[in-house]
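First comes the structure, then the notes that go with it.
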């Protein structure tokens, strides 16, 4: 059985995330159906040789990714902007972090607060796919895509020392607004938080920065550190564009309730951050 356009859509989405768990696949494409329905389709893709399914052990979550022949097929049909290289590798140590980022992405894409979401994942950015290249590619017809691809493949791969966990744009009240997503699974060092602030401000000055932490304690710590370091930044930081939330709130509450701008911490808390630089 060949692939239909809706199958390609699902496979391209999986690869844009590097890998995807069956749970996130269901939430994205079969939210109104059972997990069994989603897993049946994944296993059909697997049995027909389009995807791999890997687990570290019997109790761990499964990781679904595209096989190289599937990636090449998508590229040859000019269905998506992808660099054909080595097969995707599964890093089990980062799998939980990765799946939570995927959950955040699906949540943002399905949020009534955001319309017409356009997403560039960390995997795509680290592969050298820029926002401009992906945006322009999706607007082209097949002939224009072919010409674009041939030129784009010859360009040197863009090298990033560190990318955010996601960049997306959404239509809000008739205007396109840009966002950066960063998920802190384990507490960052204060040095890393300062580096993150400077890096994201330099690369995405106009975007809203959505910083999601694993729990409330970490989000409060992140808020304090961002306030202190934004005061010390060489260039003025627009704190209204830095919003912090805890993971569970983001996936269960409306966007405006989950995210809050960084707030000035009590003097005692501020002195703690200063003393740990």
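The values are calculated or read from the model by the stated rules, or taken from the named source; none is laboratory data. Note that the coordinates shown come from a computational prediction; the quantities given were computed from them, not determined experimentally. Backbone-built Cβ (ideal geometry, glycine too); neighbour counts: all protein chains shown.
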Please go through segment 203-234 and give me each residue that is more than 22 Å from residue 119 (Cα to Cα) and surrounded by fewer than 17 Cβ atoms within 10 Å (Cβ to Cβ), ordered by number. 215, 216, 217, 220, 231, 232, 233, 234
Hey, does segment 205-221 have a residue that's in a loop (DSSP other than H, G, I, E, B) and modelled with pLDDT under 90? no
In segment 91-110, is there at least one residue being in a loop (DSSP other than H, G, I, E, B) and touching a residue at least 60 places away in the same chain (Cβ under 8 Å)? no
Looking at (1) within 30 Å of residue 252 (Cβ to Cβ); (2) in contact with a helix residue (DSSP H, G or I) (Cβ under 9 Å, 6 or more places away or on another chain); (3) surrounded by 15 or more Cβ atoms within 10 Å (Cβ to Cβ), can you tell me which one residue 71 breaks? (1)
Yes or no: residue 64 closer than 29 Å to residue 184 by Cβ, in contact with a strand residue (DSSP E or B) (Cβ under 6 Å, 6 or more places away or on another chain) and at pLDDT below 90? no
Single residue of 243, 200 found to be touching a strand residue (DSSP E or B) at 6+ places or on another chain (Cβ under 8 Å), surrounded by 13 or more Cβ atoms within 10 Å (Cβ to Cβ), under 30 Å from residue 27 (Cα atoms) and modelled with pLDDT under 95: 200
Given the conditions (1) touching a helix residue (DSSP H, G or I) at 6+ places or on another chain (Cβ under 7 Å); (2) farther than 21 Å from residue 129 by Cβ; (3) modelled with pLDDT of 95 or more, every one holds for residue 47 apart from (1)
Determine if segment 107-114 includes at least one residue that is in contact with a strand residue (DSSP E or B) (Cβ under 6 Å, 6 or more places away or on another chain) and closer than 22 Å to residue 71 by Cα. no
Determine whether residue 26 is more than 29 Å from residue 153 (Cα to Cα) and either touching a residue at least 12 places away in the same chain (Cβ under 8 Å) or surrounded by fewer than 17 Cβ atoms within 10 Å (Cβ to Cβ) (or both). yes
What's the total number of residues in segment 28-75 that are assigned to a loop (DSSP other than H, G, I, E, B) and either within 20 Å of residue 2 (Cβ to Cβ) or under 24 Å from the mean Cα position of the chain (by Cα) (or both)? 12
Please list, ordered by residue number, the helices (runs of 4 or more DSSP H) wholly in segment 119-193 having 1 or more residues that are touching a strand residue (DSSP E or B) at 6+ places or on another chain (Cβ under 9 Å), at pLDDT 90 or above and farther than 30 Å from residue 214 by Cα. 131-138
Just checking, does segment 93-115 include any residue being under 16 Å from the mean Cα position of the chain (by Cα), closer than 20 Å to residue 22 by Cα and modelled with pLDDT under 90? yes
Odd one out for residue 193 among (1) surrounded by 12 or more Cβ atoms within 10 Å (Cβ to Cβ); (2) touching a residue at least 60 places away in the same chain (Cβ under 8 Å); (3) farther than 15 Å from residue 18 by Cβ: (2)
